[in-house]
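Questions regarding the structure given below will be posed in turn.
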Amino acid sequence: MKNMFKMMKVTFYMLLILVPILVVQINPSNAAEGKGVVYFAPVEDAVERGLEKFLERSIQEAEEQGADYLVLEINTPGGLVQAANNIAKIMRESEVPIIAYVTKHALSAGAYIALNADQIVMKPSTTMGAAAVIDSQGNTAGKKAESAWLADMRASAELHNRDPKYALAMADEDIVLEDLGVKKGELLTLDAAQAKKVGYAEAIVNSRNDLLSYLEIPDAEIRDVEVSFAETIARYVTHPVVVPILLSIGSIGLVLELYSPGFGIPGMLGLGSLLLFFFGHMIAGLAGWESLILFILGIGLIIAEVFVPGGILGVGGILAVLIGIVLAGGSLGNILLSILIAMVATIVVSIVFLKYFGYNGPLKKIILFDSTTSEKGYISSVTKSELIGLTGTTMTPLRPSGTAVIDDERYDVVTEGNYIGQNRPIKIVKTEGSRIVVREINEVEN
């Protein structure tokens, strides 16, 4: 009985210690006090497919943690239309309210992303707009692409009851807005004050704390969504400017490796660049294992072509490599342009390298590079030029070739095309290697 009382006493004290801990774990202080949680995710640099993957993860994390808001801190000059469209779709499907917080510039695709947020908040002296769609060369895209983009800008503006004429003026230089001083041939770019005036910004704030005060949760817990190392690589590798550079380094490195014995720095740089290309695009969700397998298979077939000549393996290998890269590239137009740039760069570098350094690669033992030219002392036959002018007699009829005796020696001779009978006097008029050309003496004298 005494022991039972003692056990009950110990249990009671343990409960006194454990219950407060369990209460804190089950009911965190922020939730208990109604402070709320706000996630912040950066939208910086170019808009590309790597950013799309990062924002998809940010929204998913905010939803799982029951965040009150997800704030996108925007400072971007724009980027790929396809990536912006995919990001907008993810934002519209989000269960967490999304705030577009423009910290410096939200231009082009950045403006489009901001229009798809539930609210737009801007810092003073920030801008939003200039959203014309352009191609990879920096020129205005075709009418079809422009029409689709204008429809997307209109729909995004109307999504939250904003006047679509301002969104259209950001992308169409034919629209004139006299109240904002936008003339024909110009694109609309709103500063913070103008954006608030026309209903394209709900508030202007100076800091995160001011933003939380505007959202009426000044004591909310701020959680920053960090870009992981893999996502950083993916964002860098999928950049439309970096892709052709990586492909160029990859192809040039592998080609130069064929010009040098062993496996050295050019080969490692080339292989590393191509693997980085595939790794980044796989992280960004653009490439699957099938593209990498096709690429590796293609390289294997190209190597096999060296040992099994015929052309079929080589052509199949090149096609497999190109298909693998195209499948991993995402945008067909951009990846084809990148491949073309890489091919031109590789051809130019190869020609220069071969001209100034020659060939000393692993194929030297397999492929015959030496030539037996007269400059190197090789002579296929001796030219009998010393016979020119000598005379003799035909042993056989020349029809037009036959045999003649010259200085008591027999020679195989040929006429210039005419017939010469047997035992006729002849004279040698020309020699070409082992070929001796003769004429009848009476014709020569005539």
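No lab work stands behind these numbers, since they all come straight from the coordinates. These numbers were taken from a predicted model, which means no experiment stands behind them. Every residue, glycine as well, gets a Cβ built from its backbone with ideal geometry; the counts of neighbours run over all protein chains shown.
Assuming R0 = 45 Å, can you tell me the calculated FRET efficiency for the pair L177 and L332, based on Cβ-Cβ distance, to the nearest 0.05? Please list the in-between numbers first.
Working: r = 36 Å, r/R0 = 0.80.
For L177 and L332, the calculated efficiency is 0.80.
Treat each spin label as a single point 7 Å out from the Cα along the C-beta direction, and report the E386 to R410 distance in nm.
Here the modelled spin labels are 2.2 nm apart.
Apply 1/(1 + (r/R0)^6) to the Cβ-Cβ distance of L319 and I441, taking R0 = 51 Å, and write down the FRET efficiency to the nearest 0.05.
Details: r = 68 Å, r/R0 = 1.33.
So, using R0 = 51 Å, E works out to roughly 0.15.
Just add up the charged neighbours of R235: K/R +1, D/E -1, any other residue whose Cβ is under 14 Å from the Cβ of R235.
Numbers: positive: R49, K53, R57; negative: E44, D45, E48, E52, E56, E226, E231.
That sum, taken over residues with Cβ under 14 Å, equals -4.
Here's a follow-up. So, in nm, how far is label N423 from label L340 when the simple model puts each one 7 Å beyond its Cα toward the Cβ?
Between N423 and L340, the simple spin-label model gives 7.9 nm.
Of the cross-linked pairs K143/K197; K104/K197; K104/K144; K123/K144; K104/K196, which ones have a Cα-Cα span greater than 25 Å in the structure shown? Kindly include the intermediate steps, with their values, before the conclusion.
On the way: K143/K197 31 Å; K104/K197 18 Å; K104/K144 31 Å; K123/K144 35 Å; K104/K196 15 Å.
As for pairs spanning more than 25 Å Cα to Cα, those are K143/K197; K104/K144; K123/K144.
Something else: Arranged from highest to lowest average of other beta-carbon atoms within 10 Å per residue, in what order do the peptides 399-409, 79-89 appear? Don't jump to the answer; show the numbers that get you there.
Working: 399-409: 13.8, 79-89: 21.5.
Going by the mean number of other Cβ atoms within 10 Å, highest first, we get 79-89, 399-409.
Mind running the shape call on segment 81-199? Use the C-alpha gyration tensor, a ≥ b ≥ c as the square roots of the eigenvalues: rounded below 1.5 for a/c, prolate if a/b tops b/c, oblate otherwise.
On the way: a/c = 1.63, a/b = 1.11, b/c = 1.47.
Oblate, because a/c is 1.5 or more while a/b does not exceed b/c.
If I take every Cα pair under 8 Å that is 6 or more residues apart in segment 119-260, average their sequence separation and divide by the length, what percent do I get for the relative contact order? Display every interim value, and only then the final one.
Details: 135 pairs, mean separation 36.2, N = 142.
Relative contact order for segment 119-260 comes out at 26 percent.
Considering the zone a paramagnetic label at E44 would reach in this model (a point 7 Å from Cα along the Cα-to-Cβ line), which residues of segment 212-248 have amide N under 14 Å from it?
Once the point is set 7 Å along Cα→Cβ of E44, 224-229, 232-233, 235-236 turn out to lie under 14 Å by backbone N, inside segment 212-248.
Kindly rank 294-302, 106-114 from highest to lowest mean number of other beta carbons found within 10 Å of each residue. Present the calculation step by step, with values, prior to reporting the outcome.
Working: 294-302: 18.2, 106-114: 28.6.
The densest-packed peptide leads the list: 106-114, 294-302.
While we're looking at this one, here's another question. Which of the peptides 429-436, 173-180, 315-322, 46-53 is most tightly packed, and how do the rest follow, going by the mean number of other Cβ atoms within 10 Å of each residue?
Values: 429-436: 14.6, 173-180: 12.6, 315-322: 16.6, 46-53: 27.2.
In descending order of packing, they fall as 46-53, 315-322, 429-436, 173-180.
Using R₀ = 56 Å, calculate the FRET efficiency as 1/(1 + (r/R₀)^6) where r is the Cβ-Cβ separation of R208 and I312; round to 0.05.
Details: r = 63 Å, r/R0 = 1.12.
My answer for the efficiency is 0.35.
Could I have the simple spin-label model distance between K89 and S350, label points 7 Å from Cα toward Cβ, reported in nm to one decimal?
Taking the two extended label points, one gets 3.9 nm.
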